[in-house]
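The values are calculated or read from the model by the stated rules, or taken from the named source; none is laboratory data. Quick caveat, the model's predicted, so the values are computed rather than measured. Backbone-built Cβ (ideal geometry, glycine too); neighbour counts: all protein chains shown.
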Amino acid sequence: MNRPLLEITGLSKHFGGLRAVDGVSFDIRRGEILGLLGPNGAGKTVCFNLISGVYKPTAGQISFDGQRTDGLAPHVIAGLGIGRTFQIVKPFAHLTVLENVLAARGIAHYRHLPKIWSSWKTSAERREALSLLERVGLSELADRLAGLLPLGNLRRLEIARALAVARTLLLLDESFSGLRHEEITQIEALIRSIRADGLTVLLIEHNMRVAMGLCDRLIVLDHGRKLAEGRPAEVRASEAVIEAYLGRKGSAHAA
Amino acid sequence: MSGYLITLGTIIAINAIVACGLNVIVGFAGQISLGHAAFFGIGAYTAALLATQAGLSFWAALPCVLGMSAFIGLLLGVPSLRVREDFLAITTIGINFIVEAIFNNFEFFGGALGIGGIPRVGMFGLKLRGTEFLVLCLFFLVVVMVVCWWLTRCWAGLACFALREEETAAASVGISPVRFKLLAFVLGTCMAGLGGALYAHFMRFIAASDFAFPLSVSLLSMVVVGGMGTLWGPILGACIIGVLPEVFRPLVDYRILFYTMLLLLMIRFQPGGLLGENSAARRVLAKMRPGGRS
Amino acid sequence: MALFLEQLLNGLATGSIYALVTLGLALVYGIMRILHVAHAAVYTIGAYVGLLFFNLTGSLLLAVLGSMAVCALVGVAIERFVYFPLLKYPPFVPLIASIAILLSVEELCRLIAGPQILTFNAKLPFPDFHLSGVTVTSTITAVYCITAAVLLLLWFITTKTELGLAMRAASQDMAVADAMGINSHLIVSVTFVIGSAIAAVAGILVGIYFNQVYPTMGAIPAYKTLALIVVGGLGSVPGAVVASLLLGMAETLLIGYANIPLPRDALAFIAMIGVLMWRSQGLLGSR
């Protein structure tokens with residue numbers, strides 16, 4: 001099975017006259033950590049929203065495991081085992097941390113009308129959700145209201161929630177942004193362990209140093225187009241990237 | 001118990017059943033509805049017509065009433081729930097006005113005269129009246145509350161809560177927004193229909209104006225005053241909104257003003273409701289109960 | 001034919017009055033995203049205060065100006081003391097507060113002025129027209145002229161002045177407007193002043209047009225105008241005006257000729273649901 005897990009061909013998304021994503025093609029290979037880089041407004045998050053079904057593409061197609069997924073609704077795409085986080089965190093604020101993950105872990109039930117009526121209080125999913133919380137280091141906060149957590153914990157919660165859904169592919173949208181150095185190190189280790197479990201990870205990252213250290217391959221977007229693709233060292237050496245990204249604003253990070 | 005208190009209690013119990021249904025829609029699933037009285041009316045008219053035209057007993061008609069409420073809830077919910085939040089508020093107001101106009105203008109529904117001669121509910125060969133009927137209403141209130149309680153611990157309820165909090169995030173974890181909003185909407189309209197059937201057999205005469213828009217506002221006030229999304233909020237709200245006009249009765253002319261001003265002050269200074277998070281009542285309770293989750 | 005034309009002109013007058021009320025609602029929704037049901041309360045107050053001043057002074061001009069001033073104050077008070085503190089809650093919280101205000105004002109008017117229908121016997125200083133058998137009464141002429149004047153003035157303010165620019169900026173995004181140095185809360189208040197003053201004019205016009213002022217005169221307009229701003233496209237002022245004029249004519253003509261079995265007040269909501277099915281952004285709205 002050497003077919004890529006996710007194939008994106010000629011993907012475009014236009015908002016009126018704005019070409020947020022403009023004819024982008026790339027593959028995600030099974031078991032890799034792929035980084036999506038680019039300056040602000042390069043179209044990274046729009047790409048995520050296209051893959052996860054929040055937007056419908058203007059043109060182009062997305063295939064997941066050989067199946068066309070462009071145009072499917074977000075909850076259907078989640079049902080395929082694709083989990084995602086949000087750059088601007090979106091917790092279920094008035095639910096507890098545990099209930100946040102449980103709501104995601106219930107994905108196996110949501111499509112079967114009889115099953116949605118069973119209680120989650122004593123379910124196997126509850127234990128799985130607790131172990132996911134342990135994995136991201138939030139098990140002590142399981143009964144807190146999610147809306148009261150600081151940003152670092154919210155980012156972990158988002159990862160736990162996405163993991164509850166992600167059987168094959170995890171999409172992480174700037175999971176490090178706004179975090180302190182030691183928190184970044186912890187989450188880096190977490191992402192490596194997720195990959196070690198056999199999941200494929202696509203992540204958007206602004207911080208060049210983190211992306212270079214963590215990712216197997218990088219894709220650089222600028223103005224909605226793909227600027228470069230390759231191993232971190234190759235991308236780093238690319239003239240176009242240095243000019244468009246590092247030269248303008250990333251020099252401090254890249255050093 | 002005096003007849004007056006029994007009547008008041010029965011009305012409050014029926015309102016509490018309907019408010020619980022509204023709470024499922026507004027409090028649990030986060031979908032505003034300002035047309036809940038329409039579904040209350042649909043239940044009442046279905047029950048009244050089945051009793052007077054088809055000669056069915058309350059019990060034989062009940063499944064039809066619930067089915068009809070669910071069906072119309074589904075029919076009106078599919079287009080309404082696709083629109084944005086603000087549209088939904090106005091759409092549901094519109095549904096209320098249109099349903100009332102239909103009841104009022106079609107001969108089939110008794111027109112402006114309404115429907116009279118609705119029999120009392122029979123049970124074990126008895127005709128339920130007074131306290132017995134109140135007990136029947138309380139029984140149904142308990143049934144509705146058990147359903148609501150179960151919702152707080154089953155997957156369907158969790159999905160609704162998640163949708164209420166963050167629709168995009170809920171969809172990203174596999175929760176179909178349309179399906180679960182509809183589910184909450186239909187559950188809510190069924191409870192309203194049940195309340196309507198009880199109301200028809202209690203009043204024994206119904207008219208379109210019983211289910212006009214102001215009732216929808218009262219029902220929503222009950223949910224908001226009690227505490228949206230809480231289990232006991234709608235019951236507390238139904239009691240307060242039901243009892244207040246009686247308490248204010250000595251104020252004669254000023255009582256409606258007091259009542260509306262109180263509602264305004266309540267929503268202005270305690271928008272989460274009496275039993276909502278961070279409410280004054282909650283804080284007092286938390287202080288009285290050391291170690292309790294505040 | 002003459003009857004049809006007269007009906008059409010009546011319908012247009014009704015629509016013009018709807019437009020004057022709906023305008024304020026559309027302005028407020030555009031800038032605050034609040035369904036300002038209490039706007040109909042402001043309109044009721046406008047009619048009562050106008051009638052009071054008219055009876056006291058005998059001058060219609062003073063009555064209109066006084067009523068506009070009182071309504072502007074009431075509008076700003078509602079915005080400052082009720083809506084603004086509730087902006088951080090889900091939109092139905094200010095909506096319920098708004099309904100509570102409407103009901104309270106209805107009660108206040110009933111307690112102060114009595115439940116009976118008061119008459120507003122003022123002669124508007126506009127001429128009658130007689131054109132080939134069609135009569136346009138002075139009241140209808142007045143409704144047309146005043147509506148046109150208000151619309152022109154509003155158009156001028158919103159498109160040609162700095163205030164209008166600030167209003168449009170604030171309705172796009174208040175935080176951004178603040179960052180640009182616009183005091184957006186002040187702009188919101190100004191919007192309420194304008195909308196409420198127009199509601200006062202509408203209240204007085206309705207009072208004279210139907211020769212009736214009563215406590216619950218705002219009840220039907222309160223919800224009908226909600227339907228109208230949806231039909232026009234939420235927050236679109238031109239859309240609200242077009243929808244109002246169309247509804248006024250449709251109500252008069254359909255009830256007069258088609259003999260539909262529904263009351264005319266349900267028509268707005270049926271139109272609204274039709275629009276939501278067919279064009280959910282409204283007649284002139286944009287997504």
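So here's what we get for this one:
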| read-out | value |
| --- | --- |
| Residue among C:ILE146, C:ILE182, C:ILE187 that is farther than 30 Å from B:ARG255 by Cβ and either surrounded by fewer than 19 Cβ atoms within 10 Å (Cβ to Cβ) or free of Cβ contacts under 8 Å to residues at least 12 places away in the same chain (or both) | C:ILE182 |
| Options B:PRO79, B:PRO63; residue that is within 11 Å of chain C (Cβ to nearest Cβ) and free of Cβ contacts under 8 Å to residues at least 60 places away in the same chain | B:PRO79 |
| Odd one out for B:ALA197 among (1) surrounded by 24 or more Cβ atoms within 10 Å (Cβ to Cβ); (2) small (Gly, Ala, Ser); (3) under 30 Å from C:LEU226 (Cβ atoms) | (3) |
| Selection count, the stretch B:142-192, where residues are surrounded by fewer than 24 Cβ atoms within 10 Å (Cβ to Cβ) and hydroxyl-bearing (Ser, Thr, Tyr) | 3 |
| Sole exception among (1) at the interface with chain C (Cβ under 7 Å from one of its Cβ atoms); (2) over 22 Å from the mean Cα position of the chain (by Cα); (3) not small (Gly, Ala, Ser) for B:LEU126, by number | (1) |
| Given (1) surrounded by 20 or more Cβ atoms within 10 Å (Cβ to Cβ); (2) closer than 25 Å to B:CYS154 by Cα; (3) out of contact with any Pro (no Cβ under 7 Å at 6 or more places or on another chain), index of the condition A:ALA146 fails | (3) |
| Residue that is nearest to the other protein chains (Cβ to nearest Cβ) [pool: residues in the stretch C:212-236 that are of a type in the set (Ser, Thr, Tyr) and touching a helix residue (DSSP H, G or I) at 6+ places or on another chain (Cβ under 6 Å)] | C:TYR223 |
| Check on C:ALA268, within 18 Å of C:VAL150 (Cα to Cα) and in contact (Cβ under 8 Å) with a residue 24 or more places away in the chain | no |
| Within the stretch B:106-144, tally of residues that are on the phi < 0 side of the Ramachandran plot and in a helix (DSSP H, G or I) | 19 |
| Pair list, Cβ under 7 Å, 6 or more apart: the stretch A:220-234 residue farther than 14 Å from A:LYS13 by Cβ, other residue surrounded by 20 or more Cβ atoms within 10 Å (Cβ to Cβ) and of a type outside the set (A, V, I, L, M) | A:VAL220/A:GLY38; A:VAL220/A:TYR245; A:ASP222/A:GLY38; A:ASP222/A:TYR245; A:PRO232/A:CYS215 |
| Selection count where residues are buried (at least 24 other Cβ atoms within 10 Å of the Cβ), touching a residue at least 12 places away in the same chain (Cβ under 8 Å), facing chain B (nearest Cβ under 8 Å) and under 16 Å from B:ALA89 (Cα atoms), scope the stretch C:87-101 | 3 |
| Top-ranked residue in the stretch B:72-88 [being surrounded by 15 or more Cβ atoms within 10 Å (Cβ to Cβ) and within 18 Å of the chain's Cα centre (by Cα); ranked as farthest from B:TYR45 (Cα to Cα)] | B:LEU88 |
| Any hit, the stretch B:78-86, residues being outside any loop (DSSP other than H, G, I, E, B), touching a Ser or Thr at 6+ places or on another chain (Cβ under 9 Å) and at pLDDT below 85 | yes |
| Counted residues, the stretch A:198-224 - those being surrounded by fewer than 16 Cβ atoms within 10 Å (Cβ to Cβ) and more than 12 Å from A:ILE33 (Cα to Cα) | 2 |
| Tally, over the stretch A:104-115, of residues that are surrounded by 20 or more Cβ atoms within 10 Å (Cβ to Cβ) and either among the hydrophobic types (A, V, I, L, M, F, W, C) or in contact (Cβ under 8 Å) with a residue 40 or more places away in the chain (or both) | 3 |
| Subset of the stretch A:101-125 (residues that are more than 8 Å from chain B (Cβ to nearest Cβ), out of contact with any Gly (no Cβ under 9 Å at 6 or more places or on another chain) and not hydrophobic (A, V, I, L, M, F, W, C)) | A:ARG105, A:HIS112, A:PRO114, A:THR122 |
| Residues satisfying the stated conditions in the stretch B:1-31, i.e. buried (at least 24 other Cβ atoms within 10 Å of the Cβ) and aliphatic (A, V, I, L, M) | B:ALA13, B:ILE14, B:ALA16, B:ILE17, B:VAL18, B:ALA19, B:LEU22, B:VAL24, B:ILE25, B:VAL26, B:ALA29 |
| Condition met for B:PHE40 (of a type outside the set (Val, Ile, Thr) and either buried (at least 24 other Cβ atoms within 10 Å of the Cβ) or within 14 Å of the chain's Cα centre (by Cα) (or both)) | yes |
| Subset tally (residues that are out of contact with any helix residue (DSSP H, G or I) (no Cβ under 9 Å at 6 or more places or on another chain) and either crowded, with 20+ Cβ neighbours inside 10 Å or facing chain B (nearest Cβ under 9 Å) (or both)) for the stretch A:65-89 | 1 |
| Criterion: free of Cβ contacts under 8 Å to residues at least 60 places away in the same chain, aliphatic (A, V, I, L, M) and closer than 19 Å to A:GLY83 by Cβ - qualifying residue of A:LEU133, A:LEU154, A:LEU171, A:LEU145 | A:LEU133 |
| Wholly within the stretch A:149-236, strands (runs of 3 or more DSSP E) carrying at least 3 residues that are away from chain B (no Cβ under 14 Å) | A:200-204, A:217-222, A:225-230 |
| Among residues of the stretch A:1-27, those that are in contact with a strand residue (DSSP E or B) (Cβ under 6 Å, 6 or more places away or on another chain) and over 15 Å from A:LEU221 (Cα atoms), counted | 4 |
| Among the residues listed as B:PHE103, B:PHE108, the single one being more than 21 Å from the chain's Cα centre (by Cα) and under 23 Å from B:SER209 (Cα atoms) | B:PHE108 |
| Residues of the stretch B:177-207 satisfying the condition of being in a helix (DSSP H, G or I), farther than 19 Å from B:ALA70 by Cβ and more than 11 Å from every other protein chain (Cβ to nearest Cβ) | B:HIS201, B:PHE202, B:MET203 |
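Residues checked against (1) free of Cβ contacts under 8 Å to residues at least 12 places away in the same chain; (2) crowded, with 24+ Cβ neighbours inside 10 Å; (3) away from chain B (no Cβ under 11 Å):
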position: C:LEU23; (1), (2), (3): no, yes, yes
position: C:THR44; (1), (2), (3): no, yes, yes
position: C:ASN55; (1), (2), (3): yes, no, yes
position: C:LEU65; (1), (2), (3): yes, no, yes
position: C:PHE81; (1), (2), (3): yes, no, no
position: C:PRO85; (1), (2), (3): yes, no, no
